[in-house]
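To keep things clear, I will list the structure first and then write my remarks on it.
The values are calculated or read from the model by the stated rules, or taken from the named source; none is laboratory data. Because the structure is a prediction, the values reported are computed rather than measured. Every residue, glycine among them, receives a Cβ derived from its backbone with ideal geometry; neighbour counts consider all protein chains shown. Heavy atoms of the whole protein, side chains included, go into the accessibility calculation; ligands, DNA and RNA do not. Shrake-Rupley method; radii C 1.70, N 1.55, O 1.52, S 1.80 Å.
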Protein chains: 4
Amino acid sequence: MDPHHFVQINTGSPEPIYRQLVEQVRRRVAAGQLMAGDEIPSVRELAQALAVHPMTISKAYSLLEMEGVLERRRGLSMVVAAQHQQAQPRASRIELLRPTLQKAADEARQLQLPAAEVIGLLTQLLDETNA
Amino acid sequence: MDPHHFVQINTGSPEPIYRQLVEQVRRRVAAGQLMAGDEIPSVRELAQALAVHPMTISKAYSLLEMEGVLERRRGLSMVVAAQHQQAQPRASRIELLRPTLQKAADEARQLQLPAAEVIGLLTQLLDETNA
Amino acid sequence: MDPHHFVQINTGSPEPIYRQLVEQVRRRVAAGQLMAGDEIPSVRELAQALAVHPMTISKAYSLLEMEGVLERRRGLSMVVAAQHQQAQPRASRIELLRPTLQKAADEARQLQLPAAEVIGLLTQLLDETNA
Amino acid sequence: MDPHHFVQINTGSPEPIYRQLVEQVRRRVAAGQLMAGDEIPSVRELAQALAVHPMTISKAYSLLEMEGVLERRRGLSMVVAAQHQQAQPRASRIELLRPTLQKAADEARQLQLPAAEVIGLLTQLLDETNA
DNA sequence: GTGGTCTAGACCACC
DNA sequence: GTGGTCTAGACCACT
């Protein structure tokens, strides 16, 4: 796994880096892009690739290990955990998206925007994002 | 304006209180629920109603003033700014929703969820939220 | 003296209104535009003309009275004080300008701007302002 | 950067400390004395050096960050922002001086002082200030 | 009455 | 170590 393409972080975001890492890895495992047994970049490798402090990477990996998403292997490298069913069913995957969509719905209500308008914009963004 | 219904805050949220205030007021002005010239609760009034420190309210009000949403009238309470045309046109209002929807679109891509599924859940949440 | 042309205030300025009043009157007396014995607008008149709280006007007038620029006359109206030599000599008048020019000089040094450039801009602004 | 020479404040001035900080830093960056990427003293360091409360420093830094003059690096000290090109061209730098010079011009008009006299005093003050 | 500034000091999150 | 947030409470300036 090329560390430069493993995850992308945005240092300007208000979201802490370690959390960006955790959530991206969690989603990629859920989506089946990372499969059980796959090796992930070492802390040092990824820290250098992302120009981030190694402790930040280490913190993210530890959290993912506690969650059962990653496993520490003999030696040093970590791998995607076996028992963690990779590629969760869609019904389960979409639950990971619920909090963000709920936030959008709350904001839409406060802005008194009609549902059609909100859905229109999301449709457009989904198109662009996947392009 | 009754200070108890002016805004609602959630002290448990990771989002700082002052930012919750800023965003709610910004949205209420954009939606036209607060009109140009409307008086807003005084710092002390709102602080007491929400049981937070006056400085927290003051910080939020100051940021809204810098944004041009509120206007200070020295010695008097603040009002919704005049030039900030009340009830922005919808084309502009929906822009306030774009960041959250973009985040949702990004997450959906990483989860490799089909657009229809994402839109389905949002539609459902919009219904429930407005109910 | 028409109250609308007596002074001009800028409610948006960070400078308090009462101080704007004090300094403008002081300068107009120093310049000889207001002469000893001239009546000035009443507190109520001016407050209405400027759309400002009467106490603000009153505070300014009181300060000018303490300075000896204005005098309270029998009845209600105030007049420019007699003993205050109206139309101070230029050598004295320019001293009223010194603090502002000193501030400009300090800022110019911090910006490392050449004197010629600073003087050029001031010359231009003096032209425009008197036009 | 030695915190004792980073900025000088005047606690007696009517201008709030945090604003003195903001304006001095802004001018030093504009003048190129602080270059993009330069580290600035930490909040605690500077607070101790100037004998003011850390929150006062923090407020100034936050405002400078909002202006785009400084950049936050989480967990590390702040630096002069990259996009804020160091050493702005003079044409731009002199604009920072315009408000103060405009104020001087306004006052000069009210005092009915001839331009030559005003410019004479400014020239003298510029000389003394740079000496 | 209004908001603004500052201090003292706690606690948290992040790196 | 870094900055951010919040509280408690004082004092000031302005209207």
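Take the residues in the range B:34-58 that are within 14 Å of chain D (Cβ to nearest Cβ) and near DNA strand E (Cβ under 8 Å from one of its atoms); name whichever of them is nearest to the chain's Cα centre (by Cα). Ranking the candidates gives B:58 first. Among residues of the range B:29-65 being part of a loop (DSSP other than H, G, I, E, B) and either of a type in the set (Ser, Thr, Tyr) or in contact with a Ser or Thr (Cβ under 7 Å, 6 or more places away or on another chain) (or both), the one that is nearest to DNA strand F (Cβ to nearest atom) is B:42.
Is it true that residue A:55 is open to solvent by 50 Å² or more (accessible area, probe 1.4 Å), in contact with a strand residue (DSSP E or B) (Cβ under 9 Å, 6 or more places away or on another chain) and among the aliphatic types (A, V, I, L, M)? Spelling it out, it is not the case that residue A:55 is open to solvent by 50 Å² or more (accessible area, probe 1.4 Å), in contact with a strand residue (DSSP E or B) (Cβ under 9 Å, 6 or more places away or on another chain) and among the aliphatic types (A, V, I, L, M). All of (1) under 17 Å from the mean Cα position of the chain (by Cα); (2) at pLDDT 85 or above; (3) more than 7 Å from every other protein chain (Cβ to nearest Cβ) hold for residue A:94 with one exception: (3). Figure legend. Inter-residue proximity from the range B:23-49: first residues in the same structural domain as residue B:72 (by TED's automatic domain parsing), second residues open to solvent by 40 Å² or more (accessible area, probe 1.4 Å) and within 12 Å of DNA strand E (Cβ to nearest atom), beta-carbon distance below 6 Å, spacing 6+ or different chains. Indicated pairs: B:41/B:1; B:43/B:54; B:43/B:58; B:44/B:54; B:47/B:54. In the condition set (1) touching a Pro at 6+ places or on another chain (Cβ under 6 Å); (2) open to solvent by less than 40 Å² (accessible area, probe 1.4 Å), residue A:43 is compliant with all but (2). Of all the numbered requirements in (1) among the β-branched types (Val, Ile, Thr); (2) within 14 Å of DNA strand F (Cβ to nearest atom); (3) in contact with a Leu (Cβ under 9 Å, 6 or more places away or on another chain), residue B:25 misses one, and that requirement is (2).
Which one is surrounded by the fewest Cβ atoms within 10 Å (Cβ to Cβ) among residues in the range B:95-131 that are small (Gly, Ala, Ser) and part of a helix (DSSP H, G or I)? I'd like the intermediate steps shown before the answer.
Applying the first criterion (small (Gly, Ala, Ser)) to the range B:95-131 yields B:104-105, B:108, B:115-116, B:120, B:131.
Now drop any that are not part of a helix (DSSP H, G or I), which leaves B:104-105, B:108, B:115-116, B:120.
Working: B:104: 25, B:105: 24, B:108: 28, B:115: 17, B:116: 10, B:120: 13.
My answer is B:116.
Here residue C:82 meets the list (1) within 26 Å of residue D:118 (Cβ to Cβ); (2) over 17 Å from the mean Cα position of the chain (by Cα); (3) open to solvent by 30 Å² or more (accessible area, probe 1.4 Å) almost entirely, failing just condition (1).
Is the range D:98-109 home to any residue that is farther than 30 Å from residue C:27 by Cα and either facing chain C (nearest Cβ under 9 Å) or modelled with pLDDT of 95 or more (or both)?
So in the range D:98-109, the residues farther than 30 Å from residue C:27 by Cα come out as none.
So far as the range D:98-109 goes, no, none of its residues is farther than 30 Å from residue C:27 by Cα and either facing chain C (nearest Cβ under 9 Å) or modelled with pLDDT of 95 or more (or both).
Of the residues that sit in the range D:1-28 and are within 13 Å of residue C:110 (Cβ to Cβ) and not in a helix (DSSP H, G or I), which one is most open to solvent (accessible area, probe 1.4 Å)? Step by step, filter the range D:1-28, then rank; the result is D:8. Between D:46, D:126, D:64, D:34, the distinction of being in contact with a strand residue (DSSP E or B) (Cβ under 6 Å, 6 or more places away or on another chain) and at pLDDT 95 or above belongs to D:64 only. Restricting attention to the range B:66-78, the residues being polar (S, T, N, Q) and either open to solvent by 80 Å² or more (accessible area, probe 1.4 Å) or within 10 Å of DNA strand F (Cβ to nearest atom) (or both) number 0.
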